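**Q** One structure, as structure tokens, below. Some questions next.
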Amino acid sequence: MTRLSSIASVAALCLGIGLALAYGGEDPPPKLAPPASADTWSDPQSGLMWQAQPTGGAMNWAKAKAHCQSLSLAGRHDWRLPTIAELRSLIRGCPGTQKGGACGVTDACLKYDGCRNDACGGCAADGGPGPGGAYWPPEIAGDVSWYWSSSAVAGADDSAWPDYFCYGAINDAAVHVDGRVRRVR
């Protein structure tokens, strides 16, 4: 029995070393995304589950937040409006605004001056890999337009941060203006 436990210990140690070498000291891969349904899409990069086809049409920011909290989809009731960093995690094909890109607007930096920079302006219109040229994954659909985040512009009582998926751009919008909504959990 002692020999068997020694072999198991050596095997566990080798597995740990192998995993450490495989990841090269980088962050581990994202958590596994929950199972999806026909109405949802699970992003393997972020581990977030998204509403695959938005519902509700265009609405102002306050209505967008309330609308997201009222959704029951795929047997879940914990849907919400995404933060700007979560919304940026959907951007594909526009390096400056993709997660980790040069655009300075993140959950930790929400001021217009000092966070928003030239890189936040996005890319060429309708040049993304999603349907209709959207700068989001091909697996999701919706109007190629701008979508609200739950992140308010710091220091501004009347602005929040949406993502303009037709350009992959991050810019502010007045909270009373109607924008699109894509829920996350």
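**Q** Whose amide H sits under 5 Å from the amide H of Arg116, counting only residues 5 or more places off or on another chain, with H placed in the peptide plane?
**A** Here the answer is none, since no amide H 5 or more places off falls under 5 Å of that of Arg116.
**Q** Once fully extended, how much extra length lies between Gln45 and Asp143, figured as 0.36 nm per residue of separation less the alpha-carbon to alpha-carbon distance? Could you put the intermediate results ahead of the total?
**A** Values: separation 98, 0.36 × 98 = 35.28 nm, distance 2.26 nm.
Contour length minus Cα-Cα distance gives 33.0 nm.
**Q** Which distance in nm do the two modelled labels at Asp113 and Arg76 give, with both placed 7 Å along the Cα-to-Cβ direction?
**A** 3.9 nm
**Q** Oh, and also: Residues with amide H under 5 Å of Thr40's amide H, sequence separation 5 or more or different chain, H placed in the peptide plane at 1.01 Å from N; which?
**A** Distant-sequence amide H within range of Thr40: Ala52.
**Q** How many percent of all Cα-Cα pairs in the range 46-185 sit more than 26 Å apart?
**A** Values: 1467 of 9730 pairs.
Here the tail beyond 26 Å accounts for 15 percent of pairs.
Since every read-out is calculated from the coordinates, none of them should be taken as a lab result. Keep in mind it's a predicted model, so treat the numbers as computed, not measured. Glycine gets a Cβ as well: all are built from the backbone with ideal geometry, and neighbour counts include every protein chain shown.
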